[in-house]
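**Q** Got a structure here, written out as structure tokens. Questions coming.
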Amino acid sequence: MNYYLIPMDFLLYNFEKMEKEYIEKGKITWEIKGSLKDSTYAKNIKCGDIIYFYIFNIESQSGFHKARILLRGIVCEEPQMMEKSEVYAYMTEAFDNSDEGPCIGFSIGKLTTLKKELLKKDSIYSYEMIKAKYSQNHPQGKFWPNTNNGAFKEKLIKDLDNDFKSFESQNDFKSLIEHFNQKCFFCEKLDRPHKHKTFKRGNGTDYFERHHFIMRNGKYTKEQKTALDPIIKDDDNIICLCSNCHNQLHYGDSKEIQLMIEKLVGNSQIQDMLKKHDFMKCIGVSTEQDAIQWIKKLYLSVDE
């Protein structure tokens, strides 16, 4: 059994199409560039090999594009000649979008992803984590044809197999689609789902924006900034918003902003996060009401 890592651009590959093919066929088909005779991949990929998808250009909590291993599958059909119309995607960024002509393709089944709680944490199996924890830059597979950057280390293989393989009932492929199709917090809470329609990205997922509830660039004292840093960096500090609600929270009418803040403060995820980090101590207040007023001032940037 071999391990392969396939790069996949989040902004280019159509998750909606990928999901449709997987639901209909129980597998997806991937193109390999080259020929059956000369392609290293075509000659080496065998049924039962493990495929990990290294998805890059993901929007992250920090606002920068992240690269993470997020999807796992097992080769169920070895490389063979087929028509491009049968193929979901390609193993190169500079692929030909034509649906006509022959190509080499192989099929991947049993797609699983990380558990939902791990999907939320954008550091898990990121480039940064792999480099720090496993002393590895770009893992290329246990017997990867290109060994310049080093093969998968045994510890990384063990951890990946555990987090992707042992919880298949909780981390099916559908979970990955749902993770990238998050809905606006306020459109649901304020009962306005039809006023703030979002749009589909080129990859078939719903567009949304990430907002730090405790803002990264608020008007803090030096001491507050230091104390609040763990909260700002907490994954649970991130709220998914449509662009209209996001801009309204920053630039809208003060009464509307205060109503939105009250909805956020009442959210169990936010409450648990603030308690975990002892938020009131961080900002130097003694009551929950004082904490709410402090947050409102933070957003409105005016005196009470």
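The values are calculated or read from the model by the stated rules, or taken from the named source; none is laboratory data. These numbers were taken from a predicted model, which means no experiment stands behind them. Cβ coordinates were reconstructed from backbone atoms using ideal geometry, including for glycine residues, and neighbour counts include every protein chain displayed. Side chains included, ligands, DNA and RNA excluded: accessible areas come from the protein's heavy atoms. Shrake-Rupley method; radii C 1.70, N 1.55, O 1.52, S 1.80 Å.
**Q** Report whether or not Asp161 is farther than 26 Å from Lys20 by Cβ, in a loop (DSSP other than H, G, I, E, B) and over 18 Å from the mean Cα position of the chain (by Cα).
**A** Values: farther than 26 Å from Lys20 by Cβ: yes; in a loop (DSSP other than H, G, I, E, B): no; over 18 Å from the mean Cα position of the chain (by Cα): yes.
Criteria not met by Asp161.
**Q** So which residues in the stretch 229-251 are touching a residue at least 24 places away in the same chain (Cβ under 8 Å) and among the β-branched types (Val, Ile, Thr), if there are any at all?
**A** Ile231, Ile238, Ile239
**Q** Quick check on my filter: what residues within the stretch 30-43 are open to solvent by less than 60 Å² (accessible area, probe 1.4 Å) and in contact with a helix residue (DSSP H, G or I) (Cβ under 6 Å, 6 or more places away or on another chain)?
**A** Result: Ile32, single match.
**Q** Right, next: Among what's in the stretch 94-125 and is in a loop (DSSP other than H, G, I, E, B) and modelled with pLDDT of 85 or more, pick the residue that is most open to solvent (accessible area, probe 1.4 Å). Outline the logic, then answer.
**A** Going residue by residue through the stretch 94-125, those that are in a loop (DSSP other than H, G, I, E, B) are 94-101, 114-115, 120-125.
Keeping just the survivors that are modelled with pLDDT of 85 or more gives 114, 124-125.
On the way: Leu114: 0, Ile124: 34, Tyr125: 3 Å².
So, considering only residues that are in a loop (DSSP other than H, G, I, E, B) and modelled with pLDDT of 85 or more, the one most open to solvent (accessible area, probe 1.4 Å) is Ile124.
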